[in-house]
Amino acid sequence: MTELSLHILDIVQNSISAQASRVDIVIEEDKLNDKYIITIEDNGTGMDAETLAKVTDPFYTTRTTRKVGVGISLLKQNAEQTGGSLTIESELGKGTKLTVTFGFSHIDRPILGDIAGTMTLLIGANPQIRFIYIHKTALSDFEFDTKEAKQELEGVPINHPDILLALKELFVDNLEMIEAAE
Amino acid sequence: MKIKSLADLRSIKAEVQGKIKLREQGENAENIVQIKVAMATCGIAAGAKGVMNFILEEADFKGIDVVVTQTGCMGYCYAEPTIEVILPQKDPVVFGFVTKEKAREIINEYIIKGEMVDGMIPVSYKTVDE
């Protein structure tokens with residue numbers, strides 16, 4: 001995949017499949033330490049130790065429609081190509097936390113891409129899930145919480161097309177401000 | 001209106017509420033079309049995100065009552081992006097190799113006119129949940 005936003009979209013599908021009601025997506029741009037860190041944490045069903053040990057194996061999957069599960073292994077490979085790493089913590093019944101680190105300055109680090117589109121797609125398709133998005137750099141940060149957005153909307157569905165369009169603009173504007181600050 | 005903060009959402013809330021009331025007056029749950037877009041790794045890599053966004057925009061533009069959701073792998077990795085279309089009182093149909101152009105054709109010909117188009121994946125199953 002050419003963009004990190006598509007990897008995020010892919011990994012969050014696992015959280016959705018795990019019946020998560022909350023998904024935290026944190027992106028930290030740490031130029032000082034040459035790290036670009038993405039953390040995706042959910043409160044889904046989690047995994048037992050046996051499953052966790054196999055989860056980065058592309059030939060292991062819990063799906064029944066096919067015999068491979070390449071999402072996590074592809075992300076891991078992309079990270080390692082930039083001198084980074086991928087770790088997963090999980091506890092059955094509590095949730096899962098995936099942390100992937102890329103070399104910030106490495107030429108093979110994919111661009112973040114259309115994260116605004118990814119987030120609004122996730123929110124639109126899963127309005128019942130609380131999504132928290134945090135984007136941090138050394139100089140500024142942007143936080144978005146669907147719970148707070150719903151409070152402002154006072155009953156208007158967060159997945160209404162006009163609302164999603166407005167949210168996408170919110171993401172784009174705030175992320176551009178972060179980039180401008182850098 | 002461009003919004004810069006969550007507080008700005010309140011300013012478009014009233015406008016959206018008006019649109020929802022209008023739609024509810026004309027809505028008939030029995031006539032709602034369901035579209036599921038496969039959004040597993042293979043689908044995402046093949047462009048399912050763009051297809052889903054296009055379907056949402058086109059359905060809104062055409063004024064069709066449609067519920068568009070994402071689903072996991074339907075098992076047709078060779079034919080991604082794939083979508084499942086369920087018309088009212090009809091069996092679900094899966095289409096493969098769905099580009100934006102194919103999605104437009106499916107909407108105009110199959111969903112609006114009820115005429116089958118090329119690209120159906122013929123399998124004997126009911127829905128992806130069964």
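Coordinate-derived values only; no laboratory data. Keep in mind it's a predicted model, so treat the numbers as computed, not measured. Please note: Cβ atoms are built from the backbone with ideal geometry, for glycine as well, and neighbour counts cover all protein chains shown.
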Between A:D145 and B:I121, what is the label-to-label distance in nm when each label sits 7 Å out along the Cα-to-Cβ direction? 4.0 nm
Of A:Q151, A:A180, A:H7, farthest towards positive along the dipole that unit charges on Lys, Arg, Asp, Glu beta carbons give chain A: A:H7
Stretch A:E80-A:D57 to full length: gain in nm at 0.36 nm per residue minus the Cα-Cα span? 6.8 nm
Could you list log10 I(q)/I(0) for the stretch A:1-126 at q = 0.15, 0.16 Å⁻¹, which the Debye formula gives when each Cα is one point scatterer? -0.69, -0.79
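Using the Cα gyration tensor of the protein assembly as shown, with a ≥ b ≥ c the square roots of its eigenvalues, what is the shape: rounded (a/c below 1.5), prolate (a/b larger than b/c) or oblate (neither)?
Cα axes put the protein assembly as shown in the oblate bin.
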So what is the 222 nm mean residue ellipticity for the protein assembly as shown from helices alone, if each DSSP H run of at least 4 adds -39500 (n - 2.57) and you divide by all residues, rounding to the nearest 500 deg cm²/dmol? -11500 deg cm²/dmol
With label points built 7 Å along Cα→Cβ from the Cα atoms of A:K31 and A:N159, find their separation and express it in nm. 3.9 nm
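For A:E182 and B:N31, what is the calculated FRET efficiency with R₀ set at 45 Å and r taken between the beta-carbons, to the nearest 0.05?
Values: r = 50 Å, r/R0 = 1.11.
Efficiency, from the Cβ-Cβ distance: 0.35.
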Would any residue of the stretch B:33-73 have its amide N under 16 Å from a label point 7 Å out along Cα→Cβ of A:T45? List them or say none. B:72-73
Efficiency of FRET between A:S21 and A:D173 - r from beta-carbon atoms, R0 25 angstrom, step 0.05: 0.35
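With a 10 Å radius around each residue's Cβ, average the other Cβ atoms per peptide and rank A:171-177, B:77-83, A:106-112, highest first.
So the order, starting with the most tightly packed, is B:77-83, A:171-177, A:106-112.
Rounded to the nearest 20 debye, what is the charge dipole size of the protein assembly as shown about its Cα centre when +1 sits on each Lys and Arg Cβ and -1 on each Asp and Glu Cβ?
Working: 32 positive and 48 negative charges, 90 e Å.
Magnitude of the dipole: close to 440 debye.
Indicate, rounded to the nearest 5 percent, the antiparallel portion of the DSSP beta bridges found entirely in the protein assembly as shown. Let's see the in-between values first.
Numbers: 36 of 50 bridges.
Taking every DSSP beta bridge with both residues in the protein assembly as shown, the antiparallel ones total about 70 percent.
With +1 on the Cβ of every Lys and Arg and -1 on the Cβ of every Asp and Glu, and nothing else charged, how large is the dipole of chain A about its Cα centre, in debye rounded to the nearest 20?
That gives a dipole near 800 debye.
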